[in-house]
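The values are calculated or read from the model by the stated rules, or taken from the named source; none is laboratory data. Just so it is clear, the structure is predicted and the values come from calculations on it, not from any experiment. When we count neighbours, we look across all protein chains shown, and the Cβ atoms used for this are built from the backbone with ideal geometry, even at glycine.
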């Protein structure tokens with residue numbers, strides 16, 4: 001197994017209390033596999049991805065429990081120096097959300113794409129320029145050799161997303177975390193970015209964690225998905241099985257909220273209520289207050305029930 005995460009707990013220490021942003025997350029990613037991490041905004045998807053690289057908010061974010069193993073190597077106990085030298089960018093890389101803010105406006109794209117290659121001693125001098133052009137060609141940026149001196153504001157949104165992808169794949173990482181790579185892009189550019197991720201995976205064999213709230217994007221790119229709610233994974237399994245027959249009430253409600261092409265005009269289905277506070281989360285099922293199927297037993301933490309090979313959900317109704 002390329003990546004194995006067990007009972008990961010990441011807390012944010014805020015003035016108003018400790019926020020349990022990631023609370024007991026377990027997941028696996030095999031080499032060459034794409035796992036979709038889906039759920040509403042604020043469910044903990046991005047912080048789960050950042051935890052894998054230990055890129056947490058300085059001073060407030062901490063991994064307080066659990067295990068993260070990449071190729072069998074435990075990452076939670078590595079020193080910061082070892083993590084920066086051997087893991088970040090080298091073995092695990094992240095395509096950050098919103099390329100306009102994740103690219104530095106005062107450095108050329110040649111400098112920014114070349115930075116990880118230089119930092120990890122993959123290329124320097126004249127060889128560095130050639131390597132940067134090569135990686136930009138791999139992400140299909142038009143005329144890369146002529147644009148190394150250009151700045152982020154001189155590119156379109158889709159081109160900036162390709163540049164961010166180039167920064168991530170330059171060192172050929174074993175695992176790529178793609179955080180909302182299609183957000184704020186029009187549909188035609190979304191398709192291009194999805195095809196780009198497929199191409200990167202085919203070329204490198206990397207495992208990919210796709211973080212998204214767009215269930216359509218997840219369905220087109222992933223074979224398995226993990227559904228997050230309030231800092232926890234509440235259902236995981238093959239994408240077709242979950243989309244055809246979701247088991248957890250939250251997954252059912254999430255899929256029911258998607259507008260359907262060809263459907264008669266009607267009010268969109270919404271999930272009533274609000275997610276719970278993660279500073280003082282409920283002791284039982286975190287979806288119970290919004291669930292139409294709740295029962296007294298839901299005041300206790302639900303077990304993770306195996307439904308079929310690779311498909312499980314945490315709900316008392318399934319016991």
_Residue ID - modelled with the lowest pLDDT, chosen from residues in the range 171-188 that are touching a helix residue (DSSP H, G or I) at 6+ places or on another chain (Cβ under 7 Å) and assigned to a loop (DSSP other than H, G, I, E, B)_ = 184
_Suppose the filter is surrounded by fewer than 18 Cβ atoms within 10 Å (Cβ to Cβ), in a strand (DSSP E or B) and in contact (Cβ under 8 Å) with a residue 24 or more places away in the chain; does residue 22 pass it?_
no
*Name the residue, out of 150, 98, that is surrounded by fewer than 17 Cβ atoms within 10 Å (Cβ to Cβ) and modelled with pLDDT of 95 or more.*
150
*Among 37, 78, which is the only one that is crowded, with 21+ Cβ neighbours inside 10 Å and at pLDDT 95 or above?*
37
*How many residues are over 18 Å from residue 8 (Cβ atoms) and touching a helix residue (DSSP H, G or I) at 6+ places or on another chain (Cβ under 9 Å) if we restrict to the range 222-255?*
15
*Within the range 112-132, restricting attention to residues that are at negative phi and surrounded by fewer than 16 Cβ atoms within 10 Å (Cβ to Cβ), which residue is farthest from the chain's Cα centre (by Cα)?*
126
*Residue check, residue 65 against (1) touching a strand residue (DSSP E or B) at 6+ places or on another chain (Cβ under 8 Å); (2) surrounded by fewer than 19 Cβ atoms within 10 Å (Cβ to Cβ); (3) modelled with pLDDT under 95, all met but one. Which one?*
(3)
_Based on this model, can you work out whether residue 47 counts as closer than 29 Å to residue 195 by Cβ, without any contact (Cβ under 8 Å) to a residue 60 or more places away in the chain and crowded, with 16+ Cβ neighbours inside 10 Å?_
yes
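It is to be established whether one or more residues within the range 25-44 are free of Cβ contacts under 8 Å to residues at least 60 places away in the same chain, over 16 Å from the mean Cα position of the chain (by Cα) and in a strand (DSSP E or B). Full working, then the answer.
Here is the first cut: in the range 25-44, the residues free of Cβ contacts under 8 Å to residues at least 60 places away in the same chain are 28.
Still in the running and over 16 Å from the mean Cα position of the chain (by Cα): none.
Within the range 25-44, none of the residues are free of Cβ contacts under 8 Å to residues at least 60 places away in the same chain, over 16 Å from the mean Cα position of the chain (by Cα) and in a strand (DSSP E or B).
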*All but one of (1) touching a strand residue (DSSP E or B) at 6+ places or on another chain (Cβ under 8 Å); (2) not in a helix (DSSP H, G or I) hold for residue 48; which doesn't?*
(2)
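Tell me the residue from 270, 263 that is more than 13 Å from residue 40 (Cβ to Cβ) and over 22 Å from the mean Cα position of the chain (by Cα), please. Steps first, please.
Working: 270 fails: more than 13 Å from residue 40 (Cβ to Cβ).
None of the others qualify; the one that does is 263.
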